[in-house]
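Down below is the structure, laid out as structure tokens.
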Amino acid sequence: MRISVKAPAKINLTLDVLAKRPDGYHEVEMVMTTVDLADRVDLTLRDDGSISLDCSASFVPDDSRNHAYKAAVLLKERFQVPDGVHVYIDKQIPVAAGLAGGSSDAAAALRGLNQLWKLGLTLDELAEIGAEIGSDVPFCVYGGTAVARGRGEQITHLTSPPPCWIILAKPPIGVSTADVYGNLRVQEIQHHPSTANMLQAIQEQNFSQMCRSLGNVLEEVTLNMHPQVRQIKELMEASGADGVLMSGSGPTVFALVQKEAKVHRIYNALRGFVKDVFVARMLGVPEGGNACHNTYGN
Ligand code: ATP
């Protein structure tokens with residue numbers, strides 16, 4: 001028996017860090033939404049009880065370091081599941097990109113294994129287990145749009161943001177989330193995004209206010225480490241993007257636009273500059289095309 005589960009990428013519409021906690025985690029407040037750029041996680045039942053994993057991207061770990069593998073081990077041990085599973089990940093989401101690809105694969109494995117192994121767990125229970133793998137996993141278990149607080153595991157669901165196109169560009173560098181947080185001085189943050197303004201923009205379906213309310217306190221840190229990320233931002237802004245922001249700890253930058261003509265202009269401007277460019281829609285938005293991957297460029 002085999003189950004295929006979609007594992008969508010997320011983007012941060014806001015990312016605020018409020019404090020560094022005594023346990024070493026940061027207290028965050030983030031508005032996140034899933035987009036239709038997704039990995040596919042195939043789960044095939046193994047009756048020998050073992051867990052194995054393959055990934056289409058050879059540089060992604062295929063052992064107990066893989067977040068989807070960790071999800072399978074956690075469920076198997078906690079619920080004493082006699083069956084095993086072979087996990088195959090068809091990787092479409094860029095790795096170490098600020099798009100929560102690994103967390104989303106883990107969440108997809110949790111949701112899929114809940115079915116495959118007939119565990120009967122609720123999404124809340126899966127999210128709680130997911131928090132043991134990583135702070136973004138609970139959000140990925142639910143998908144959609146939400147504000148995440150605490151270390152990211154406390155989720156409040158939101159209505160979908162106003163419909164728009166998203167152009168994502170990832171420069172050819174991997175960014176370690178731990179390094180970015182390590183370089184952040186919480187007391188020295190100059191501009192905190194207003195989560196309240198973003199929540200109001202989403203509630204009122206106000207696209208302009210949503211664009212004005214975009215903000216990520218990690219952006220300055222990553223921009224200083226990787227000037228190329230700033231260049232991509234500036235290129236998107238100069239090409240007419242309505243809103244531009246780096247997602248998570250980067251280096252992926254995304255542009256929000258409502259007019260389709262602008263999608264083409266921004267896409268073409270980026271094409272000669274960076275290889276990984278994707279056009280996506282927010283999930284839950286009708287008439288969203290499948291994310292397409294630019295294979296042109298350098
Ligand atoms: P986040 O936004 O949650 O910080 P990210 O998008 O920046 O995540 P990932 O793509 O999840 O980063 O990869 C981070 C690291 O996790 C990679 O360097 C990789 O070695 C490891 N990893 C473990 N499992 C996976 C997976 N299933 N897919 C991608 N990377 C994974």
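Data table
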quantity: Theoretical FRET efficiency, 1/(1+(r/R0)^6), r = Cβ-Cβ of Q154 and N268, R0 51 Å, to 0.05; calculated: 0.80
quantity: Helix 227-238 axis, angle to the chain major axis (alpha carbon atoms, nearest 10°); calculated: 60
quantity: Long-range amide H partners of R46 with built H, under 5 Å; calculated: G84, V85, H86
quantity: ³J(HN,Hα) computed for each position of segment 195-202 - Karplus, 6.51 cos²θ - 1.76 cosθ + 1.60, integer Hz, glycine/proline x; calculated: 4, 4, 5, 5, 4, 5, 4, 5
quantity: R2 paired with Y25, simple spin-label distance in nm, labels 7 Å along Cα-to-beta-carbon; calculated: 3.7
quantity: Spread of Cα-to-Cα distances over 10 Å intervals beginning at zero, given as percent, for segment 165-293; calculated: 12, 41, 36, 11, 0
quantity: Cα coordinate range in the chain, projected on the principal axes (Å, largest first); calculated: 57, 45, 36
quantity: R212-D124 FRET efficiency (beta carbon distance; Förster radius 25 Å; 0.05 resolution); calculated: 0.15
quantity: Gained length - A178 relative to Q203, 0.36 nm times residue gap less alpha-carbon distance; calculated: 5.7 nm
quantity: Cross-link reach list, lysines versus K275, counting only Cα pairs under 21 Å and skipping chain neighbours closer than eight places; calculated: K10, K91, K170, K233, K262
quantity: Projected label distance in nm at K259 and H86, using a 7 Å step from Cα toward the beta-carbon; calculated: 5.1
quantity: Difference of contour (0.36 nm per residue) and Cα-Cα distance, Q115 to D48; calculated: 22.3 nm
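The numbers here are math on the coordinates, done by the rules we state, and not lab data. Just so we're clear, the structure is a prediction, and the values are computed from it rather than from any experiment. Methodologically, a virtual Cβ is constructed for each residue, glycine included, from the backbone with ideal geometry; neighbour enumeration extends over all protein chains shown.
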